[in-house]
């Protein structure tokens with residue numbers, strides 16, 4: 001704990017980024033609960049696909065625009081991108097408030113889709129800026145603190161978001177809009193965070209030039225990520241993402257069918273909050289095990305097996321206790337694997353292309369998670385059931401994990417290898 005407090009005290013610019021994320025991400029979960037409940041209520045006969053559509057609207061724009069976000073993060077002031085991005089997200093969320101108040105669920109989904117496109121800036125820009133505000137030796141601590149903070153915001157946001165949505169989805173969305181504006185104001189205190197200059201910047205001309213550069217940069221990032229030192233880190237999240245998509249549908253379905261907390265929204269918030277506790281414990285546990293000399297490969301295997309077990313249990317067994325326990329296991333495994341792979345990427349990629357590699361990481365994760373959710377949702381709606389769907393999809397994810405890990409990397413002990 002002392003290392004985290006020392007980091008916050010000694011790195012004021014990191015502290016500003018951390019605090020702004022604390023505010024804006026807490027609000028994000030208010031929206032996610034509200035839109036999930038709105039969509040499921042509007043399409044009761046197609047609940048699985050409706051839930052998958054919410055997740056897709058939340059994730060796919062980030063996947064599609066992740067390469068552009070990486071290009072921006074490597075060429076423009078990262079402070080300006082973070083400030084402007086949060087402000088625009090606040091404006092779009094105000095539009096969601098108006099649409100929800102008018103009963104237009106479709107417009108809410110469209111605005112969520114657009115907002116998610118803007119939020120694609122956040123992860124690669126923040127990740128690329130992190131090595132500019134902390135020492136390299138502090139990256140693992142900063143990432144562990146960030147992941148655990150995400151978990152705290154997830155717990156608080158999902159719990160309060162569930163309560164607010166029970167009162168009314170419009171209230172939950174309005175609170176979310178306010179958090180974006182507050183975060184934007186907080187980030188104004190940062191200095192300019194310009195990336196190291198690259199020779200390719202002067203060659204960008206107009207939209208066509210930007211798109212051509214983005215595609216070329218994505219190819220460069222893909223080639224870099226295929227190298228042994230980065231492959232396991234960048235693509236190791238894909239099996240976890242498929243698992244997360246299945247778990248998302250299973251958790252929402254459990255909230256709808258067994259609303260043990262009083263209502264579907266409050267139950268969803270409670271289950272997601274327990275998952276958040278797991279994602280908070282996971283990074284801290286992983287960091288502690290690595291610090292004790294345990295190989296990162298072993299920790300990574302344990303993390304994904306834990307997430308698999310939680311997802312399968314959530315899909316198979318009913319009841320509040322089992323649902324809560326499995327939600328925790330899902331979060332525990334996912335949080336542990338995230339901090340291992342994220343630190344690997346930041347340590348092993350050059351500053352002038354770190355944003356692009358992180359964008360590729362986000363692209364692969366979001367596409368895989370959306371695929372898992374749509375596959376599970378379709379199985380649910382055609383009557384196959386969530387348990388058989390989960391078993392089949394997790395078997396595929398396990399084989400993919402072993403394939404990604406087939407070739408040993410040159411990572412040193414203590415890292416994912």
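Each reported figure results from applying straightforward, stated rules to the coordinates on display, with no laboratory input. As the structure is a prediction and not an experimental result, all values here were calculated from the model. Using ideal geometry, Cβ is built from the backbone for each residue, glycine included, and neighbour counts are taken over all protein chains shown.
Fewest-first ordering of 227, 237, 136 by other beta carbons within 10 Å of each residue's beta carbon gives 136, 227, 237.
Among 281, 219, 274, a tally of other beta-carbon atoms within 10 Å of each Cβ gives an order, fewest to most, of 219, 281, 274.
Against the set (i) 23.6; (ii) 21.3; (iii) 22.8, the structure's computed Kirkwood radius over Cα pairs in Å falls on (ii). Note on residue 220 and residue 384: with the Förster distance fixed at 45 Å, the Cβ-Cβ geometry gives a FRET efficiency of about 0.60. Computing FRET efficiency as 1/(1 + (r/R0)^6) for residue 136 and residue 391, where r is the C-beta to C-beta distance and R0 is 30 Å, gives about 0.10.
Once R0 is set to 35 Å, what does the formula 1/(1 + (r/R0)^6) return for the Cβ-Cβ distance between residue 258 and residue 64, expressed as a FRET efficiency to the nearest 0.05? Rounded to the nearest 0.05, the efficiency is 0.50. Of the peptides 238-250, 335-347, the ranking by mean beta-carbon count within 10 Å, highest at the top, reads 238-250, 335-347. Spacing of the modelled spin labels on residue 212 and residue 309, each 7 Å from Cα toward Cβ, amounts to 5.4 nm.
For the pair residue 196 and residue 399 in one chain, pulling the backbone fully straight at 0.36 nm per residue adds 69.2 nm over the alpha carbon distance.
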